[in-house]
Amino acid sequence: ITFADFVVPETLQAWNILQTDYELTGISLDHFDAVLSIAGIHHLTDQEQFRFITAIRRVLRRGGRLLMVEVKSGSSTSRFLDTFVGRYTPTGHAGNYLRNDFVRVLARAGYRRIKRETVTHEWVFDSEGHLYTWMTRFFGIRVSKPILIRRVGEILGMKRDTDTLRINWKLDFVTAQA
């Protein structure tokens, strides 16, 4: 499922990707065993987020799982996205990230067995050039290499090994059962 104008690459044609809205219009009740949401709902308002997780609950089979990976409000990742990426991306970036009460929001939507954990995932790059190329392409940012390297280190944290750079990327992992 995608909300975005997503051109399905040939390698994913067999995945049967469906374009819909945050209310999952066109998807029947009890359709999925699991729904995975990766860093997408921070682009929705509070009301849209609630309608989305309620819609997921509707399309999950009884006992089905919501698996979500998302940015937490106030985290280094949210600061990087909104202050740095937002400044150097032509479209800007302002996220509505998961707040501390998100578990209660899921419970209000009818989920049970809810778990939430903040995990620091390391992004590993073999050089500053690799980091710069990947980040400018992935985020669509336009900034000099020295500024990007300095700000990534200041905001996210960077460890330098003999042959790698490791960047801290904090995300919240949420699981819930319908």
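A few points about this structure:
- Conditions (1) of a type in the set (Ser, Thr, Tyr); (2) farther than 23 Å from ASP172 by Cβ; (3) open to solvent by 50 Å² or more (accessible area, probe 1.4 Å): number failed by THR118: (2)
- Out of THR162, THR175, THR118, THR133, sole residue that is within 21 Å of the chain's Cα centre (by Cα) and without any contact (Cβ under 8 Å) to a residue 24 or more places away in the chain: THR133
- The residue that is farthest from MET135 (Cα to Cα), among those in segment 83-106 that are aromatic (Phe, Trp, Tyr) and open to solvent by less than 20 Å² (accessible area, probe 1.4 Å), is PHE102.
- Breaking point among (1) open to solvent by less than 60 Å² (accessible area, probe 1.4 Å); (2) more than 30 Å from VAL152 (Cα to Cα); (3) among the hydrophobic types (A, V, I, L, M, F, W, C); (4) touching a Lys or Arg at 6+ places or on another chain (Cβ under 7 Å), for LEU29: (1)
The values are calculated or read from the model by the stated rules, or taken from the named source; none is laboratory data. For clarity, every value in this text was computed on a predicted model and none was experimentally measured. Because the Cβ atoms are built from the backbone with ideal geometry, glycine has one as well, and the counts that use them run over all protein chains shown. Note: areas computed on protein heavy atoms with side chains; ligands, DNA, RNA excluded. Shrake-Rupley method; radii C 1.70, N 1.55, O 1.52, S 1.80 Å.
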